[in-house]
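Notes follow once the structure below has been shown.
The values are calculated or read from the model by the stated rules, or taken from the named source; none is laboratory data. No experiment lies behind these values; they were computed from the predicted model shown. Every residue, glycine as well, gets a Cβ built from its backbone with ideal geometry; the counts of neighbours run over all protein chains shown. What goes into the accessible areas is simple: the full protein's heavy atoms, side chains included, and nothing from ligands, DNA or RNA. Shrake-Rupley method; radii C 1.70, N 1.55, O 1.52, S 1.80 Å.
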Amino acid sequence: MSTSTLHDGLEALRADRAHEPAASSAVSRLASTFGTPLYVYDRTTIVSQFRSFHTAFASLFPKLRVHYALKANANGAVLAVLRGEGAAPEVVSLGEIVTALRAGWRGDEILFTSSSKGPDEIAKAVEIGAVLNVDSRDELEQAAATAAAAGKRVRISFRINPGVDPHTLHHINTGIPEAKFGLHLDGGLARAAYARATELPSVAITGIHCHIGSQIMETDGYVATARKMLAFVQELKRDLGLSLEFVDLGGGLAVPYHDGEEGLVPAVLADALAPVWSEAMADLAALGGDPPALWLEPGRFFVASSGFLVTRVNTVKTTTVKTFVNVNAGSNTLLRPAMYAAHHRARVVGASGTPEILDVAGDVCETGDILAAERRLPRPRAGDFVVFLDAGAYGFAMASTYNARPLPAEVLVDGDTATLIRRRGTFEDLFRDETK
Ligand code: LLP
């Protein structure tokens, strides 16, 4: 009889002790109760990630609001945990607005960012009093007209493209000049947008926003961005008389995806930003401006490391070139390795043989469907479990039913309790929306 909890088992996996009974008993309990492939989120980790972030910033930035970027993981049970901790929602679509409202947030707590919003999305933001994070002059005019027609004022910020490269993967590098996001500071585009907004009676200017990318390891890009943004905030006060309620510096903090890595520690980022912020606040005060609140909006940092993808080994095959461990999940279940060559640690549960170089391959008919390439792992046997770590962000959220494989189930673990938070997809789900 094992005395370890499910949480202990998940921690053993993380600590590379997948051969220990705590790990095996947790994974076999979860797999036999809920089946595989299975996304498992550890509530304790979500809470500790959020608190470590909030504490690090709250001690240095008295006016602080922490948003959660729903796109990372929008399961309602995960949202309930983060909402309970005090996070506000950052959303990117009408679907995410609906998701945030369903999770219990008020409309006026929502920040709505997207570089391409439709009329229905703008109208909903106006109706519920969300902050519309405007990405273009065109969008500004549409939002002003929509609000005027509804007899309302739309609260806006502008998303700024600061022209800073934080040195992350090209696909998730969003603040460089050639990216599609935001209004450029360079060339006066952002300034002209604020100036135009002051002329529109149906528009209430509330803040300024940027988000320079994702999985950012270093503080330099954030510091350079903060300098530019805060200098611009002073310019807006001095030249246009604008006082902003908030400056949102985005999300993007890196989490560790490799053993021995640390990611970007919130306290390190908070320490790096604090002097830049306080200097800018002093300059702003000299101009007669009130200090804005600092807003931040990570997604990955709060949920990535809480998540585990549990898969089962179908077959093991040695070719003349490699050995493949074929599991019952693929890039349809966890897209990040195929899409970004992203690294997720793979743990073979319960096996303790001498490690070999193995490829863990998915069950999708694509050559690129390799979940873990050339890893040193003990060779599993059919029926064993391979668990992928750090799958809580952009895991289930990016899953599809490609190859007619229904979506996996999701489970939330709290101590020794596991709760099903999304039932496994069914074959009926695959056809439900077809009309012929
Ligand atoms: N705010 C905005 C405006 C964003 O576009 C994003 C992410 C976030 C916040 C949250 O970023 P985070 O803190 O999670 O890095 N699918 C990719 C990541 C795409 C991120 C898109 N935007 C991946 O799997 O790595």
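With a Förster radius of 45 Å, plug the Cβ-Cβ distance of SER400 and ALA148 into 1/(1 + (r/R0)^6) and report the FRET value to the nearest 0.05.
0.65
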Task: Efficiency of FRET between SER4 and ASP259 - r from beta-carbon atoms, R0 30 angstrom, step 0.05 - done: 0.90
Open item on the list: At 7 Å along Cα-to-Cβ for each site, give me the label-to-label distance between LYS322 and SER115 in nm.
Closed with: 3.2 nm
Open item on the list: If you take every residue apart from ILE370 with its C-beta less than 14 Å away from the C-beta of ILE370, what net charge results, scoring Lys and Arg +1 and Asp and Glu -1?
Closed with: -1
Open item on the list: What are the extents of the Cα atoms of region 103-183 along their three principal axes, in Å, largest first?
Closed with: 43, 30, 17
- [ ] Would you calculate a helix-derived [θ] at 222 nm for the chain, using -39,500 (n - 2.57) for each DSSP H run of n ≥ 4 and dividing by the full residue count, to the nearest 500?
- [x] -10500 deg cm²/dmol
Open item on the list: What do you get for the angle between helix 189-198 and the principal long axis of the chain? Use alpha-carbon atoms, 0 to 90 degrees, nearest ten.
Closed with: 60 degrees
- [ ] Would you mind putting 331-338, 155-162 in packing order, based on average other-beta-carbon counts within 10 Å, highest first?
- [x] 155-162, 331-338
Open item on the list: Given contacts defined as C-alpha pairs under 8 Å and at least six residues apart, what's the relative contact order of the chain, whole-number percent?
Closed with: 20 percent
- [ ] Would you kindly state how much longer the chain becomes between ASP414 and LYS436 on full extension, computed as 0.36 nm times their sequence separation minus their alpha carbon distance, in nm to one decimal?
- [x] 3.6 nm
Open item on the list: Taking the alpha-carbon distance from LYS124 and a cut-off under 21 Å, which lysines remain once sequence neighbours fewer than 8 residues away in the same chain are dropped?
Closed with: LYS71, LYS152
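Taking the Cβ of ARG153 as the center, what net charge do the other residues with Cβ under 13 Å away carry, scoring Lys and Arg +1 and Asp and Glu -1?
Net charge in that neighbourhood comes out at 0.
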Task: Candidate residues CYS365, CYS210: accessible-area rank, largest first, probe 1.4 Å - done: CYS365, CYS210
TODO: Would you mind giving the three semi-axes, in whole Å and largest first, of the ellipsoid equivalent to region 110-298 according to its Cα gyration tensor?
DONE: 28, 20, 14
Open item on the list: Give me the net charge for the shell around ASP8: Cβ to Cβ below 11 angstrom, other residues only, Lys and Arg +1, Asp and Glu -1.
Closed with: -2
- [ ] Would you mind pulling out the separation of the Cα centroids of region 311-371 and region 51-120, in Å?
- [x] 34 Å
Task: Longest exposed-site-free window of the chain, the sites being GluC sites (Glu not before Pro) in a DSSP loop that have at most 12 other C-beta atoms within 10 Å - done: 1-177
Open item on the list: Give the average over all directions of the projected area of the C-alpha convex hull of the chain, one decimal, in nm².
Closed with: 22.9 nm²
- [ ] Starting from region 160-228, pick out the trypsin sites (Lys or Arg not before Pro) whose DSSP state is loop and whose Cβ has at most 10 other Cβ atoms within 10 Å.
- [x] LYS180
